[in-house]
Structures are given as C-alpha cells and as structure tokens.
Amino acid sequence: MIKLILISSFFVFINGDFETESLCVDHNATSKSIINYCISQNGSLKFRCCFLSNSSNILAIDLTEMKLNKVPDLKEFTDLTNLTMVDLRLNPQLESSTQDDFFGMLSLDYLYLPEQYPCPGEKHVWQSINQTIDPKGILCMYQKDVCINSTNFCVEPNSYCATNGPNHFLCLCKTGYYGYKCLRHGQFPMGKFFGISITTTIILSIFFFWTQRRHVKKD
C-alpha cells in the first residue's frame, strides 16, 4: 500500500503547472493511442498511466486535456525510466522549452504533441514525424542518437557525447579522466575530497557556534 502511494506521487495541476502530489490519479485515460498501446504491450491501465505488467514502471502516460502551458518535469521519477509513450495533445496553451522538456527520457519513442508544439529537434532527433487527425496534433516517432555523426557537441579530447532524451545530450569524461573539461587523468581522489570537506565543515561549525554564543543573553 505504501509503495502504491509513493508511485502515485506526481503532479497536481495549478494554473497550468504541476506540483509533486499525485501521479495517474483523478482521471482515466481517454487517449486511444495510450489505451491501444497499453493493450498491445500487455500493460495495466491505472487512471492516466499504463504500467508494465507486474511492475511499478510506467510505460505510457495520457496527459491530454490537462490545460498545460509547459511540459511537466519528469526527471526526478525513477519509475519513468521505461516511459515509451506520452500524449500531450488537446493542450492548446502548451509551449516548448528546449532547455528542460523531456530531459532524460531515453526510452521515449512515441511522443504526441499539440499542433503548435513542434517535435523537439525535429528530423535531426526523430526518424519519423507525422500529423494526427483525431485529435489533431503531431506524432514524433523513434528517437535518434543525436551524438552519432555529431562532432561539435563535446569538443574536449577526453570527453564523449551521450544522448539524454529528445534533443538533449551530456558530455561525459572518458574512462580514466575527470574534473574540469576532463583534463585530469587517473582516479578521482575520493578520500582526499571527503577528508577536506569534513574538516572544513567541522571548522566552520565550531566557528559559527562560538560566534553565535556571543549573542546569547545571560540571565
């Protein structure tokens, strides 16, 4: 029961935004695309979400008719690592934000968007882009690996590009390198780092303790 409550923690709509409160609650899925896809994958529909069979992982989410003005932030939810389909149509006020939208959604291969919202990265990111009729919108299908054949993303010689969702990528250090621009070679000195951090914390704590004691009134 506790696990189910934690899984249900997600968003409550307030003035076009979401707050972390309730995932998949309040309304049943109405998107035919979500319902049919869930059935084809032998998933389990619970309100707006389709769960993988016998799992807490979410496969698809119906976010149609939510009066959204921006895409919800999904990064913090570990149960969305297998999220494959999202339907955001019938949200006429939805606007794109290339900085955060769909960040970390590596498995997202079916993205339904309202007419005014273009596919993130368009043909550079998606293998197929089609118009939908009922309801009207856009279907972005099959993410491409944006790092393939792209040499201008991570230019540092000891770094490499890693796709991190539609139109997003990360520059990571190659094995054996770390630090600013991946210029340091070898292993990160964990012992030294934590030793300095702990020592600094203790010294600052003692300092603030004694300085604050001067302001304590004595009876």
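Descriptive notes on the structure:
- For residue 165, the shell of other residues with beta-carbons less than 13 Å away shows a net charge of -3, using +1 for Lys and Arg and -1 for Asp and Glu.
- Residue-normalised accessible area of the stretch 145-186, given per residue in Å² at a 1.4 Å probe: 64 Å²
The values are calculated or read from the model by the stated rules, or taken from the named source; none is laboratory data. Everything numeric in this text was worked out from a predicted model, so none of it was measured. Because the Cβ atoms are built from the backbone with ideal geometry, glycine has one as well, and the counts that use them run over all protein chains shown. With ligands, DNA and RNA removed, areas are computed over all heavy atoms of the protein, side chains included. Shrake-Rupley method; radii C 1.70, N 1.55, O 1.52, S 1.80 Å.
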